[in-house]
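Every number here is computed from the coordinates shown, using simple stated rules; none is lab data. These numbers were taken from a predicted model, which means no experiment stands behind them. Neighbour counts run over all protein chains shown; Cβ positions are idealised from the backbone, glycine included.
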Amino acid sequence: MPSSRSSRSVLPGFGLSLGFTLAYLGLIVLLPLAAAFIKTAGMSWSDFVAATTSPRVLASYRLSFGASFAAAAVNATFGLVVAWVLVRYSFPGKKIVDALVDLPFALPTAVAGIALTAIYAKNGWVGSWLDPFWASAVGRLDAALPGVAWKEWLGVKIAFDRPGIFIALTFIGLPFVVRTLQPVIEELEPELEEAAATLGANRWQTVTRVLLPELFPALLTGFAMAFARALGEYGSVVFIAGNQPLHSEITPLLIITKLEQYDYRGATAIAVVMLVTSFVLLLLINLLQKWSRRYHRV
């Protein structure tokens with residue numbers, strides 16, 4: 001006869017807690033997402049394709065995906081440097097710098113957007129001297145290589161144009177890279193670098209052949225998380241973007257615009273495309289995290 005101890009569940013109250021978890025996720029997460037798919041299911045395939053592939057929508061896709069990818073790439077580069085400095089070096093004000101990394105998490109996105117707009121506008125602290133330099137640099141680049149639409153892609157000003165979108169997405173994505181890399185860097189033994197130097201490796205070889213292979217899985221995960229976060233960002237971008245259709249209009253803003261115009265089916269159709277993309281990114285992130293854990297165990 002099995003003892004009462006062996007018949008008990010490992011997790012006390014597992015049935016009740018599982019039921020509560022599923023009910024909570026169903027009401028808060030699955031139900032709203034299912035509503036978007038159900039609303040879109042009422043459209044014919046031709047209407048769905050027309051709603052999600054119009055020139056204005058495609059332009060917003062290109063901007064959202066392109067700017068998010070570029071911002072995530074920059075965050076992957078500089079986030080690695082920031083994480084390395086915070087882990088490996090001690091300096092005055094280190095705790096303040098470490099706390100500032102989490103500022104995009106704590107700061108409301110609308111406040112971040114207003115602050116960035118005030119800083120990078122033509123009369124802002126940074127924009128007052130950066131705007132003329134940026135416009136001049138893009139003008140020279142456009143004159144040197146006239147076959148490429150540099151002004152179209154790079155913009156001629158910082159705020160209220162595409163560079164402002166890039167800055168906002170970079171701002172909100174940095175913590176994901178830094179916080180993903182920090183635990184991995186903390187686990188790296190300094191003896192690895194010393195051993196590489198003893199064997200005759202220079203600093204560049206140590207970084208590229210010893211450190212980066214160890215950090216690459218976590219770096220890739222941080223990049224994917226920053227990209228996914230930037231892809232759905234709205235609050236910090238809408239104030240600094242300029243919101244010009246076919247030029248500086250991001251996909252989340254286009255969804256809001258269609259809702260304000262009572263085009264609910266068009267808005268939900270675009271939202272479904274973004275939801276499917278988000279699910280794919282979440283799956284990719286989970287696979288990367290699994291690969292990272294397996295890589296470090298090996």
Cα-based radius of gyration of segment 116-207 once divided by 2.2 N^0.38 Å, which approximates compact folds:
1.68
Could you tell me the relative contact order of the chain? Use alpha-carbon pairs under 8 Å, at least six residues apart, and round to a whole percent.
28 percent
Choose one answer from Ile240, Ile270, Ile119: the residue with the largest mean-square fluctuation in a GNM of the chain with alpha-carbon springs under 10 Å.
Ile119
Radius ratio Rg over Rh of segment 158-298, counting only Cα atoms, Kirkwood formula for Rh:
1.14
Kindly put Tyr89, Tyr61 in sequence by how many other C-beta atoms sit within 10 Å of each C-beta, fewest to most.
Tyr89, Tyr61
Segment 93-194 - percent relative contact order, Cα under 8 Å, separation 6 or more:
26 percent
Using a cut-off of 22 Å between alpha-carbon atoms, which lysines can reach Lys39, once sequence neighbours fewer than 8 places away in the same chain are excluded?
Lys258
Debye intensity ratio in log₁₀ form over the Cα atoms of segment 41-172, taken at each q of 0.17 Å⁻¹
-1.08
Once amide H atoms are built 1.01 Å from N in the peptide plane, which residues 5 or more positions from Glu249, or in another chain, come under 5 Å H to H?
Gln244
Which of Val49, Val237 comes first, and how do the rest follow, when ranked by fewest Cβ neighbours within 10 Å?
Val49, Val237
Longest DSSP-loop-exposure-free segment, trypsin sites (Lys or Arg not before Pro), the chain, at most 16 other Cβ within 10 Å:
123-298
Once phi for every residue in segment 265-279 is put through the Karplus expression 6.51 cos²θ - 1.76 cosθ + 1.60 (θ = phi - 60°), the whole-Hz ³J(HN,Hα) values, with Gly and Pro written as x, are 5, x, 5, 5, 5, 5, 5, 5, 4, 5, 5, 4, 4, 5, 4
J(HN,Hα) series, segment 87-101, from Karplus relation 6.51 cos²θ - 1.76 cosθ + 1.60, nearest Hz, glycine and proline x:
8, 8, 10, 10, 7, x, x, 4, 5, 5, 4, 5, 6, 5, 4
Tell me, what ³J(HN,Hα) does each residue in segment 48-62 have, in order and in whole Hz, if you take phi through Karplus 6.51 cos²θ - 1.76 cosθ + 1.60 with θ = phi - 60° and put x for Gly and Pro?
5, 5, 5, 6, 9, 10, 5, x, 5, 5, 4, 5, 5, 4, 4
Take the Cα atoms of the chain, build their convex hull, and give its volume per residue in Å³.
232 Å³
Quick one: among Pro92, Pro175, Pro55, which has the greatest mean-square fluctuation in a GNM of the chain with alpha-carbon springs under 10 angstrom?
Pro92
Using the number of other C-beta atoms within 10 angstrom as an exposure proxy, rank Met225, Met274 with the fewest first.
Met274, Met225
Could you work out which residue, out of Thr53, Thr208, Thr221, moves most in a Gaussian network model of the chain, that is, has the largest mean-square fluctuation with Cα springs under 10 Å?
Thr208
Computed [θ] at 222 nm, deg cm²/dmol, the chain (DSSP H ≥ 4; -39,500 (n - 2.57); rounded to nearest 500):
-24000 deg cm²/dmol
